[in-house]
Amino acid sequence: MARKTKEEAAATRDRILDAAEQLFAEHGVSRTTLQHIATAAGVTRGAIYWHFDDKVALFNAMLERVIMPLESALVQLDTEDPLRDLREYMLAGLRKTVQDERARRVFEIAALKMEFVGELEAARVRRHQCLQTWMERSEERIKCAAERGELREGVVPRAVALTMWSLAEGLIRSWLFEQAFDLVEVGTQAVDAQINGLRR
């Protein structure tokens, strides 16, 4: 019986998170109240407080249950083709955005439907950590390509790594506004143009 109760509690928690995610995406974080979430989830506010201390804790739990698009790209490939690795980092993030509905929705909430202030700063901190990891791994791959004589003269690895991040994040944000273009197809063209511009 206790096991069933634990499973029911987990199901209720997920239902609350699903409702919050949907409402945050539709109305923004600040305009969504706990009562809105309770109604959408079919629970009482007391049930929300049983699982989460407040809206901030609920928001953070929503963030924690997904891997964001550009986080998913951060697999260390370390192949013998460092520019190919860099290309794969970027395209993996674009593909994740298109294919993973939950990751896309949470990225949209964190990027476009909230303010990075006060207690909701967790999203800004997470983005900063992801950027730092991206910079370290991408810069390492770019330096490796330079050591192999594959880059044209004057390439600055740190600047290239930041440009690549900005390109990928900018493409995702632009696509989220209207989805007026094929993110993977156009993204591949943009990424290839950038990488080809680096080659000797």
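Return only the number of the condition from (1) of a type in the set (A, V, I, L, M, F, W, C); (2) over 18 Å from the mean Cα position of the chain (by Cα); (3) loosely packed, with under 13 Cβ neighbours inside 10 Å that residue 160 does not satisfy.
With respect to (1) of a type in the set (A, V, I, L, M, F, W, C); (2) over 18 Å from the mean Cα position of the chain (by Cα); (3) loosely packed, with under 13 Cβ neighbours inside 10 Å, residue 160 is out only on (3).
Across the range 11-45, what is the total count of residues that are open to solvent by 50 Å² or more (accessible area, probe 1.4 Å) and part of a helix (DSSP H, G or I)?
13
Can you find even one residue in the range 177-199 that is open to solvent by 20 Å² or more (accessible area, probe 1.4 Å), among the hydroxyl-bearing types (Ser, Thr, Tyr) and at pLDDT 90 or above?
Yes: one or more hits.
Looking at (1) outside any loop (DSSP other than H, G, I, E, B); (2) open to solvent by less than 30 Å² (accessible area, probe 1.4 Å); (3) over 22 Å from residue 160 (Cβ atoms); (4) at pLDDT 90 or above, which is the only condition residue 83 fails?
Just one mismatch for residue 83, condition (3).
Can you name the residue in the range 46-69 that is more than 30 Å from residue 134 (Cβ to Cβ) and open to solvent by 40 Å² or more (accessible area, probe 1.4 Å) and is also farthest from the chain's Cα centre (by Cα) among such residues?
46
When you scan the range 129-136, do you find a residue that is within 20 Å of residue 20 (Cβ to Cβ) and in contact with a helix residue (DSSP H, G or I) (Cβ under 9 Å, 6 or more places away or on another chain), even just one?
Looking through the range 129-136, none of the residues is within 20 Å of residue 20 (Cβ to Cβ) and in contact with a helix residue (DSSP H, G or I) (Cβ under 9 Å, 6 or more places away or on another chain).
Which one of 153, 140, 119 is modelled with pLDDT under 95, out of contact with any Leu (no Cβ under 9 Å at 6 or more places or on another chain) and within 18 Å of residue 88 (Cβ to Cβ)?
140
For the range 163-176, give me the residue count where each residue is open to solvent by 30 Å² or more (accessible area, probe 1.4 Å) and touching a residue at least 12 places away in the same chain (Cβ under 8 Å).
Residues that pass the stated criteria total 3.
The values are calculated or read from the model by the stated rules, or taken from the named source; none is laboratory data. Every value quoted in this text rests on a predicted model; they were computed, and no experiment measured them. Cβ coordinates were reconstructed from backbone atoms using ideal geometry, including for glycine residues, and neighbour counts include every protein chain displayed. Accessible surface areas use protein heavy atoms only, side chains included; no ligands, DNA or RNA. Shrake-Rupley method; radii C 1.70, N 1.55, O 1.52, S 1.80 Å.
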